[in-house]
Every structure is written in C-alpha cells, then in structure tokens.
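Data first, discussion second: the structure below is written as structure tokens.
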Amino acid sequence: QPSIVFENVVFGYEPDRRILKGLSFAVPAGQNFAVVGPSGAGKSTLARLLFRFYDPQEGRILIDGQDIAGVTQESLRAAIGIVPQDSVLFNDTIGYNIGYGRGDSTQEDVLSAARGAALMGLIDRLPQGFDTEVGERGLKLSGGEKQRVAIARTLVKNPPILLLDEATSALDTRTEQDILATLHRVSENRTSLSIAHRLSTIADSDRILVLNEGRLSESGTHAELLRHD
Ligand code: ADP
Ligand code: ADP
C-alpha cells in the first residue's frame with residue numbers, strides 16, 4: 001500500500017485568500033488516519049488536492065514517494081477510492097452500480113468480486129437483490145441503502161488508498177455504526193484517510209489530525225486527543 005505525504009502545502013481558490021497555509025502530514029503505508037476540524041477548515045479542499053482537481057501553489061503532495069504533480073487525474077482516480085457523503089447512483093440495477101468502472105464484467109463477476117472484497121455485509125443488507133433497479137424508474141433506495149451501494153462500488157475495485165469524505169455523516173446513528181464496522185474491516189489492509197466531523201466515528205483510526213484554519217493544530221490517537229480536551 002502507498003503512503004500519503006503533504007509537505008508544506010499552501011493552497012487558495014483565490015490568489016489573496018489562502019485556505020491551506022503550509023499543511024504537512026504523513027500517512028504511513030497501510031495506516032488509517034482521520035482528519036477532523038471545524039466547517040471551513042479546509043478538509044474537503046485537502047481531498048480535492050489529492051485528486052488534482054487543483055494543484056497546490058506551494059509545497060508538494062506525494063503518494064508512495066512520488067510527487068503527484070507528475071501523475072494524471074486518471075491514475076489518481078484508479079489509485080484512490082473515494083466515498084463522498086452524497087453519492088450519485090445511476091438509474092440502473094444495484095449490480096450495475098456496484099460493477100460500474102470495472103470494465104464489462106458480468107453481474108456474476110461483480111458479485112464474486114464483492115464476496116472477495118468481503119463486502120457481503122454491505123450488500124446482503126440491501127432489501128431487494130442485485131437486479132433491483134436503483135433510480136427513478138425503479139425502487140427508491142433510502143439514504144443508507146444508497147450509501148451501501150456507493151461504498152461497495154468503490155471497494156469492489158480494491159483501491160490501494162481509501163478516502164472517506166464524511167462518508168456516513170448524513171446517515172442515522174444505527175446505519176452509520178453498521179457501515180462503519182464494514183469500513184473498518186476493509187480499511188485494515190489499506191492506506192486510508194477519513195474526513196469526519198465527529199470524533200466518535202473515527203475512534204479506531206491510527207492517528208487523528210486536527211485541521212484548523214488551514215493548519216494542523218493537533219494530532220494524536222483518539223485517547224490522546226480526548227485527554228487534551
Ligand atoms: P471543510 O471541508 O473543512 O468544511 P472546505 O475545504 O470545504 O472546508 O472549505 C475551506 C474554505 O474554502 C471555506 O472557507 C470555503 O468557503 C472555501 N471554498 C471551498 N470551496 C471553494 C471553491 N470552490 N471556491 C472558493 N472557495 C471555496
Ligand atoms: P435513511 O433512512 O437511510 O436515512 P432517507 O431518510 O434518505 O434514508 O430515506 C427515507 C425514505 O425515503 C426511504 O425509505 C426511501 O424509500 C425514500 N427515498 C430516499 N430517496 C428517495 C428519492 N430520491 N426519491 C424518493 N424517495 C426516496
């Protein structure tokens with residue numbers, strides 16, 4: 001698995017307003033890190049830089065030791081599986097949605113890949129089978145069900161890096177706990193960065209980075225951060 005390094009990253013959407021003000025951190029290969037911080041701190045911005053939707057004005061971002069300034073968005077998308085808060089699904093079957101992006105694999109292939117990736121815990125909670133239509137033409141899935149499909153779609157491709165951007169924060173607590181358990185299991189052998197606004201959802205992280213006004217104000221394990229409060 002690759003490591004992720006931010007080295008003195010400075011970035012602003014407008015030239016005279018910096019959002020990230022010299023951000024440095026390193027996620028060692030295979031570890032699960034989390035980023036918390038108040039709204040507006042720059043958490044989503046950090047995620048966008050990782051995909052090169054924008055490039056930093058100063059500093060560098062390295063994945064597996066390689067400066068991503070020389071890496072295409074396409075290869076970054078292949079290396080990093082992202083689960084956003086509100087995923088958009090296609091008006092097609094659950095199987096199509098989960099298999100999307102794996103080339104022209106059959107439903108059978110998708111299902112067996114899902115089994116291989118230990119995703120059945122996500123999928124067999126879906127009330128109707130793999131062939132059920134997701135969108136407007138068919139069944140309307142609940143927010144939690146949609147998110148399960150979206151997470152499965154990301155994980156079935158086995159991305160070496162997992163980026164969870166408030167992946168469960170729109171869900172009710174019970175659904176959230178359920179999905180977090182699966183995410184925790186599949187993150188174990190991956191490098192992951194989990195953006196969150198509640199500490200309780202990232203208690204299992206190897207390390208939590210606290211972002212404040214574009215800088216790291218603190219970092220530590222869940223227990224260490226609670227001790228400081
Ligand atoms: P967080 O995810 O921590 O809530 P964001 O990274 O979304 O923070 O936003 C950080 C700051 O950047 C905010 O002040 C926000 O208004 C600003 N911002 C975010 N996206 C844009 C954009 N596309 N253009 C201009 N400013 C933006
Ligand atoms: P959850 O209970 O997982 O948080 P939501 O609150 O998003 O789910 O959805 C509640 C109900 O609304 C679901 O049972 C679902 O049937 C319905 N629903 C969700 N999304 C849509 C949609 N886009 N159109 C119509 N109904 C929807």
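Couple of notes before you dig in:
- Filtered by the rule that a residue be part of a helix (DSSP H, G or I) and open to solvent by 70 Å² or more (accessible area, probe 1.4 Å), the stretch 96-106 gives a lone residue, Tyr96.
- Residue tally, condition surrounded by 12 or more Cβ atoms within 10 Å (Cβ to Cβ) and assigned to a helix (DSSP H, G or I), over the stretch 64-95: 8
- Residues considered: Asn8, Asn32. Of these, the only one that is farther than 22 Å from Ala203 by Cα and in contact with a Ser or Thr (Cβ under 7 Å, 6 or more places away or on another chain) is Asn8.
- Restricted to the stretch 181-207, and to residues there that are touching a helix residue (DSSP H, G or I) at 6+ places or on another chain (Cβ under 6 Å) and away from ligand 2 (no atom under 16 Å from the Cβ), the residue that is farthest from Ile80 (Cα to Cα) is Ala203.
- Pairs where the first residue, in the stretch 59-83, is touching a residue at least 24 places away in the same chain (Cβ under 8 Å) and the second is open to solvent by 60 Å² or more (accessible area, probe 1.4 Å) and assigned to a strand (DSSP E or B), C-beta under 8 Å, 6+ apart: Gly59/Glu7; Gly59/Asn8; Arg60/Glu7; Arg60/Asn8; Ile61/Glu7; Leu62/Glu7
- Flag for Ser39 being assigned to a helix (DSSP H, G or I) and either away from ligand 1 (no atom under 14 Å from the Cβ) or in contact (Cβ under 8 Å) with a residue 12 or more places away in the chain (or both): no
The values are calculated or read from the model by the stated rules, or taken from the named source; none is laboratory data. Here the structure is a predicted model, which is why all the values come from computation and not from measurement. Every residue, glycine among them, receives a Cβ derived from its backbone with ideal geometry; neighbour counts consider all protein chains shown. Ligands, DNA and RNA are excluded from the accessible area calculation, which covers all protein heavy atoms including side chains. Shrake-Rupley method; radii C 1.70, N 1.55, O 1.52, S 1.80 Å.
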